[in-house]
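Contents: one structure, followed by commentary.
The values are calculated or read from the model by the stated rules, or taken from the named source; none is laboratory data. Treat the numbers as computed from the prediction; the structure is a model and nothing was measured. Note: ideal-geometry Cβ built from the backbone for every residue, glycine included; neighbour counts use all protein chains shown. We work out accessible area using only protein heavy atoms, side chains counted, and drop any ligands, DNA or RNA first. Shrake-Rupley method; radii C 1.70, N 1.55, O 1.52, S 1.80 Å.
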Amino acid sequence: MFADGLFILFAVLAVLGAIGLVLFQHPMNGAMSFVVTLISLAGLYALLSAKLIFALQLIVYAGAIMSLIVFIIMFLNIQPEDLPKEETKLFYILGGGIVVVPIGLFLAKIVKSLPEHSAALMGDNFGGIKEVGLLLFRDWLIPFEIVSLLLLVSLVGAVILASKRGITK
């Protein structure tokens, strides 16, 4: 019962953080809302007993990546008058709601039609370093290598484009 309450708390915080990311006008407020979402996702991973993904979520995403994003926002020193006017923001939010609400209702109907079973936590081996490594490098080796090549090509492309524009000098 306690795990159900924590799940609901983390899920609500994740959704509220995502809504704040979209609704807040100032980038720093949006970034802080995004931090709430990332930490809430880490809590959901902890409830799944996925120790490695929990730690990676906190260290890499909520820690390093968000520190970098906040540093960039602070470095740019964006003032409210620098932000674009968003006259159509309400239109886009309503349009997104029109699309998302029926999907959410459909998913809620599917979840309610599922048979009642107790939600037991995964076993001790779920989400550990060894299990994730074996799955990644045994079953998903080719897609993993393709993604690494795509990232390398995009990095080389970014360097070439930056050097053509004179940014790297």
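When the chain is treated as a GNM with alpha-carbon contacts under 10 Å, the residue of Lys89, Lys130, Lys112 showing the greatest mean-square fluctuation is Lys112.
Here the chain is treated as an ellipsoid with the same Cα gyration tensor; its semi-axes, largest first and in whole Å, are 33, 27, 17. Model label sites at Lys130 and Met32, defined 7 Å from Cα along the beta-carbon direction, differ in position by 4.4 nm. By the rule of a C-alpha distance below 18 Å, with chain neighbours fewer than 8 residues away ignored, the lysines paired with Lys130 are Lys51.
Taking all protein chains as shown and a probe of 1.4 angstrom, Leu58 keeps an accessible surface of around 60 Å². Among Thr37, Thr88, the sequence by solvent-accessible area, most first, with a 1.4 Å probe is Thr88, Thr37. A 1.4 Å probe run over segment 51-150, with the rest of the protein chains in place, finds 86 Å² accessible per residue.
For the chain, a Gaussian network of Cα nodes joined below 10 Å ranks Phe75, Phe106, Phe137 by mean-square fluctuation, and the top entry is Phe106.
When the chain is treated as a Gaussian network with alpha carbon springs shorter than 10 Å, the biggest mean-square fluctuation among Gly104, Gly43, Gly127 belongs to Gly104.
Sorting Met74, Met32, Met66, Met1 by accessible area puts them as Met1, Met74, Met32, Met66; the probe is 1.4 Å, largest comes first, and only protein heavy atoms count. Solvent-accessible surface (1.4 Å probe) assigned to Tyr61 amounts to roughly 110 Å². Accessible area per residue was computed with a 1.4 Å probe on protein heavy atoms; Leu149 scores about 110 Å².
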